[in-house]
1. Please enumerate the residues belonging to the range 320-336 that are open to solvent by 50 Å² or more (accessible area, probe 1.4 Å), of a type outside the set (D, E) and touching a residue at least 24 places away in the same chain (Cβ under 8 Å).
2. Collect the residues in the range 63-72 that are open to solvent by less than 60 Å² (accessible area, probe 1.4 Å) and under 22 Å from D25 (Cβ atoms), keeping them in residue-number order.
3. If you take just the helices (runs of 4 or more DSSP H) that sit entirely in the range 241-295, which of them hold at least 2 residues that are under 17 Å from the mean Cα position of the chain (by Cα)?
4. All but one of (1) open to solvent by 40 Å² or more (accessible area, probe 1.4 Å); (2) over 23 Å from R405 (Cβ atoms); (3) modelled with pLDDT of 85 or more hold for C288, so report the exception by its number.
5. With respect to R341, determine if the residue is over 20 Å from V256 (Cα atoms) and in contact with a helix residue (DSSP H, G or I) (Cβ under 9 Å, 6 or more places away or on another chain).
6. For the range 354-362, does any single residue satisfy the condition of being open to solvent by 40 Å² or more (accessible area, probe 1.4 Å) and out of contact with any Leu (no Cβ under 8 Å at 6 or more places or on another chain)?
7. Taking only the range 398-415 into account, find how many residues are open to solvent by less than 10 Å² (accessible area, probe 1.4 Å) and within 17 Å of D347 (Cβ to Cβ).
8. Cβ-Cβ distance below 6 Å, separation of 6 or more or different chains: which pairs start in the range 341-369 with a residue that is closer than 17 Å to V406 by Cα and end on one that is assigned to a helix (DSSP H, G or I) and open to solvent by 20 Å² or more (accessible area, probe 1.4 Å)?
Amino acid sequence: MARKQKNATADGNEYICPYCFARVDLGSVHYVCSGQTCARTFASTAASTRNGPSMKYVSSDGQNEIDYEKSLFYGKDPAGRDAVIAKNHIIRDSSGVCDVCRRPVYTRVCPVCHNLIPPGAEEEGNRIFVILGPKSVGKSHYIAVLINQLKNQVSAEFNGVLNAATDGTTLKYRDMYYRRLFEEKRKLLPTKSFEESNESREPLIYYLRIFDSDRPKVFTFAFFDTAGEDLVSSDRMMSLSINSFISKAAGIVYLVDPLQVRYINQRIHVDNKPPVGPDVSDVLNNICQIIRTNNKLSPKARIDIPIAVVLTKSDVLFKSSEDEEEDKVLFGQCSSLHIPREHGRYDQENFEQIDAELSEYLRRCVGENFIQTVGGFREHCFFAVSALGCNPTGSSLPRGVSPMRVEDPFIWLLNREGLQ
């Protein structure tokens with residue numbers, strides 16, 4: 001585990017949009033008017049007067065206002081049939097007054113993608129964390145279970161509260177994750193590529209507020225459920241604009257499925273064993289290249305974004321050994337993973353013991369090259385978790401979900417940001 005370093009305080013006038021990851025000057029944002037008729041009035045006035053500058057924001061039939069910026073964000077032609085229609089009139093200056101009804105406006109949106117900027121962004125700031133990993137590593141299950149753990153256990157443990165940023169996040173989590181996994185007890189469906197689905201581009205945004213001082217600490221979680229195939233090369237990440245949110249993240253959780261690691265896969269005896277997956281060192285190296293390119297770092301420079309490297313599905317590594325070869329890839333009774341962390345505070349000793357054990361485990365099972373690649377991050381720590389807690393039977397989970405230590409990597413990342 002690398003030594004904790006104190007982070008510089010972000011400028012209160014700068015806001016990182018958790019949707020498009022643009023760095024926004026809060027003095028130059030756009031606004032949305034709450035008036036129900038302003039958008040139509042704007043469109044009809046611009047169309048009837050043929051106001052040149054305004055016509056780019058009006059549909060071809062002159063009936064609707066077009067959200068030009070959001071259309072571009074979703075890869076749609078603002079002048080085409082699939083352009084995004086503005087539900088409310090958009091004010092593209094910092095006056096704070098609607099140019100149609102002349103009333104004050106208070107709802108701020110990102111000038112790049114027109115997603116909401118929450119009230120209090122200047123005071124609260126935001127720290128955005130992303131979850132990455134190769135295909136079929138368990139990102140969707142990890143995200144689904146982590147959110148449930150943060151909401152129902154961890155937030156209360158650290159005197160805080162976890163809230164969805166929007167109704168859209170609440171509905172998406174309920175319909176795509178919680179209902180299927182926790183109520184129907186079924187595995188989640190594979191994540192679609194950014195290329196195939198706009199839903200994959202829509203993160204689940206949550207605010208975690210910790211009330212441990214006069215001024216609460218606020219953390220923004222932007223959970224992008226990226227498909228593993230979108231991370232196979234730096235060129236593909238660039239073409240899908242995934243590079244923007246990776247390089248501007250405050251922390252990264254990088255997931256590794258032990259059953260996809262060749263050394264482990266060839267020795268462990270379990271049902272429904274997946275095929276050997278892509279080299280986890282190659283995928284992580286692609287991520288490093290993207291960060292270094294975007295943040296203009298030299299090849300030798302260490303990356304300042306903290307990274308938690310996480311063995312997923314690790315419940316299978318606690319099984320009883322069937323032979324000497326399998327014994328080489330299992331965790332024994334003396335593993336530090338059996339020692340529970342202390343609740344209600346950051347348990348540094350426990351995490352350091354786990355980090356040391358897993359560092360040697362991965363050095364043996366994955367290779368020295370992987371450890372060296374992880375070492376390219378100034379702050380890093382190794383963890384082992386299990387989102388489901390059991391091996392599914394086909395697509396069903398007869399015993400439901402029994403998570404193991406899924407919150408550990410995020411508690412470590414939050415400690416980098418001041419959580420005690």
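1. Scanning the range 320-336 gives a single hit, K328.
2. Quick first cut of the range 63-72, residues open to solvent by less than 60 Å² (accessible area, probe 1.4 Å) only: 64-67, 69-71.
If the condition is that a residue be open to solvent by less than 60 Å² (accessible area, probe 1.4 Å) and under 22 Å from D25 (Cβ atoms), then D67, E69, K70 are the ones that fit.
3. Where helices (runs of 4 or more DSSP H) fall fully within the range 241-295 and carry at least 2 residues being under 17 Å from the mean Cα position of the chain (by Cα), they are 242-247, 280-294.
4. (1)
5. Here the answer is yes, as R341 does meet what is asked.
6. Within the range 354-362 (the criterion being open to solvent by 40 Å² or more (accessible area, probe 1.4 Å) and out of contact with any Leu (no Cβ under 8 Å at 6 or more places or on another chain)), the answer is yes, since at least one residue qualifies.
7. Looking only at that region, the number is 9.
8. Matching pairs, first to second residue: H343/E157; G344/E157.
The values are calculated or read from the model by the stated rules, or taken from the named source; none is laboratory data. No experiment lies behind these values; they were computed from the predicted model shown. All Cβ positions, glycine included, derive from the backbone under ideal geometry; neighbour counts span all protein chains shown. All accessible areas refer to the heavy atoms of the entire protein, side chains included, with ligands and DNA or RNA removed. Shrake-Rupley method; radii C 1.70, N 1.55, O 1.52, S 1.80 Å.
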